[in-house]
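This report refers to the structure that appears directly beneath it.
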Amino acid sequence: MNNFEFYNPTKVIFGKGTEEEVGKEIQDRGFKKVLIHFGGTYLYENGTLDRVHKSLSDCGIGYVDLGGVVPNPRLGLVKEGIQLCRKEGIDFILAIGGGSPIDSAKGIAYGLANDFDVEDLLMGRVTTNRIAPLGCISTIAATGSETSNSMVITIEEGMLKRSYNHDCARPLFAIMNPELTYTLPPYQTASGATDIMMHTMERYFTNTEHVELIDRMAEGLLVSVREAALLAMKEPDNYNARADLMWAGSLSHNGLTGTGRVSDFASHKIEHEMGGMFDVAHGAGLCAIWGSWARYVYKVNPARFAQFAVNVFDVPMDFHDLEGTALKGIEAWEDWCRRLGMPTSMTELGIQPTEGQIEEMAEKCVATGGGHVGFFKTLYKDDVINIYHMAE
C-alpha cells in the first residue's frame with residue numbers, strides 16, 4: 001500500500017425531506033445571498049425548487065436562480081454565472097441536480113474567487129486553491145461531484161471536455177434525499193449507475209500491491225451498485241435501492257476507494273473526448289468504451305481482472321485459465337450494462353466516428369497527459385486509436 005492523504009470535509013445530510021434543511025445550513029454559516037444553479041424543468045415540476053425557495057426565505061436568505069445547465073456543462077454558462085454573482089452580490093452558490101449543475105457551480109465558484117479566466121484553469125495554464133463557498137442538493141445518483149474534488153466543464157470552442165481537481169472544490173455540505181431520484185428517466189438512472197461503478201473501477205484496476213482492505217471495500221460497493229441499479233430500474237420508487245445508489249455515488253468518487261494505490265482513469269479520458277465531440281451521456285459513453293479498454297490491457301495483470309470477475313460478478317474461478325476467468329468478468333460487466341439498457345459499443349451508443357474523428361479524439365486524449373494516459377497500462381496515441389476501433 002502506498003502513502004496517501006485522504007481529505008473529505010463535506011458535511012452529508014442524507015435522507016427523506018432533507019432538502020428543506022438547506023436554509024438553516026446556509027444561515028448557520030452566515031451567508032446572506034445565494035445563487036441557485038440548476039438545469040432542466042423538473043425542479044419546477046416536482047416542487048423541489050419551491051421547497052428550496054421557502055427554506056431560504058424562512059431563514060431570511062436572499063436568492064437568485066440561474067438555470068440552463070445541460071449535460072456536459074458549458075463554459076459559457078459558467079462565465080454568465082460569474083457575472084451574475086458579481087452583479088447581485090452573491091456570497092454562496094447552491095447547486096441542485098447531478099454532476100452537471102454541481103460542476104458548473106464549481107466553475108462559477110472558482111471564477112468568483114479568482115481573477116483569471118476559468119478556461120485558463122481548465123487548460124492547465126493556471127492553478128488555484130481558492131474557491132467561493134458552495135453547497136449542493138443532489139437529485140441524481142451518478143458522478144459523486146457532491147463530495148468530490150473534481151470539476152469537468154466543456155469548452156465550446158473545439159468542444160474540449162476538461163477538468164480541474166483540487167480539495168478546495170469539495171462542497172461545504174451535500175444534501176442527499178433519495179426520493180428526489182424517483183422520477184429520473186430509466187436511461188438516466190442506468191447511466192448514473194454505470195458512472196458510479198466506473199469511478200470505483202478506475203481506481204480498482206491498479207498494479208499497486210497489498211491493497212486488500214480497499215479492494216474489499218470497493219468490491220462491496222460494486223456489488224451493491226450492481227444489485228441496486230437493477231432493482232431501481234424495475235421499481236423506481238424503491239427507497240432502499242435509490243438510497244444505496246445515491247450514497248454509493250459519493251463513496252465511489254470521494255477518494256476513499258483510491259487510497260493507497262495508483263489509479264488509472266484512462267477510460268474516463270478516452271470517454272471525455274468522445275463526450276466532447278458527440279455530446280453523449282457520460283455513463284453511457286463509459287459503457288461503450290470500457291470493455292474494449294479492458295480487453296486491450298487485461299494481460300498486464302490478468303489476476304486483477306480475474307479477482308474482479310469472481311468477487312464482483314460471481315464468475316467461477318478457473319485456476320488453470322486465469323485469462324479465461326478475466327475475460328468472463330469483462331463479459332459479465334457488459335451483460336450487466338445491457339440489462340440496464342446501456343451500450344457496450346459506439347455503434348450501440350448511436351455514433352460512428354470517421355477515421356479522422358478517431359484520430360482527433362485520440363490526439364486530444366493523450367494531450368491531457370503529456371502524450372500518454374493511464375497507469376494500469378500506459379497508453380499512447382496509437383493505443384487509444386486501437387481502443388476506439390475495438391469499441392466501434
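Simple point charges give the picture: +1 on the Cβ of Lys and Arg, -1 on the Cβ of Asp and Glu, and for the stretch 185-389 a dipole about the Cα centre of about 280 debye.
One Cα centroid belongs to the stretch 315-392, the other to the stretch 159-223; the line between them spans 19 Å.
Between the stretch 27-78 and the stretch 1-21, what is the C-alpha centre distance in whole Å? What the calculation gives is 21 Å, centre to centre. Note on the chain: dipole from Cβ charges, positive end direction compared against Val262, Thr127, Tyr164; the farthest Cα belongs to Thr127. Assuming a ≥ b ≥ c are the square roots of the Cα gyration tensor eigenvalues, decide whether the stretch 9-178 counts as rounded (a/c under 1.5), prolate (otherwise, with a/b larger than b/c) or oblate. Prolate is the answer for the stretch 9-178, as a/c is 1.5 or above and a/b outweighs b/c.
Comparing Phe205, Val223, Gln188 along the charge dipole axis of the stretch 132-232, the residue lying farthest to the positive side is Gln188, per the Cβ-charge model. Can you tell me the FRET efficiency between Arg339 and Met159 if r is taken as the Cβ-Cβ distance and R0 is 35 Å, rounded to the nearest 0.05? In this case the efficiency is close to 0.65. Specify the angular offset, from 0 to 90 degrees and rounded to the nearest 10, of the alpha carbon long axis of helix 99-113 from the longest principal axis of the alpha carbons in the chain. Helix 99-113 sits at roughly 60 degrees to that axis.
Secondary-structure-derived ellipticity at 222 nm for the chain, considering helices only, amounts to -16000 deg cm²/dmol, per-run term -39500 (n - 2.57) for DSSP H runs with n ≥ 4. Our summary gives the chain a relative contact order of 15 percent, counting only alpha carbon pairs under 8 angstrom and 6 or more residues apart. Applying both filters, DSSP loop and at most 14 other Cβ atoms within 10 Å, to the chymotrypsin sites (Phe, Trp or Tyr not before Pro) of the stretch 271-352 gives Phe319. Of the trypsin sites (Lys or Arg not before Pro) found in the stretch 41-145, the ones in coil according to DSSP and having at most 10 other Cβ atoms within 10 Å of their Cβ are Arg125. With 24 Å as the limit on Cα-Cα distance, the pairs of Lys24/Lys79; Lys32/Lys106; Lys161/Lys234; Lys11/Lys32; Lys32/Lys54; Lys106/Lys234 that go past it are Lys24/Lys79; Lys161/Lys234; Lys106/Lys234.
Hey, in the GNM for the chain with a 10 angstrom Cα cutoff, which one of Ala241, Ala169, Ala190 fluctuates hardest? Evaluated over the chain, the most mobile residue of the options is Ala241.
We did not get these values from a lab; they are worked out from the coordinates using the rules stated. All figures in this text were calculated on a predicted structure; none of them were measured in a lab. We place every Cβ from the backbone using ideal geometry, glycine too, and count neighbours over all the protein chains shown.
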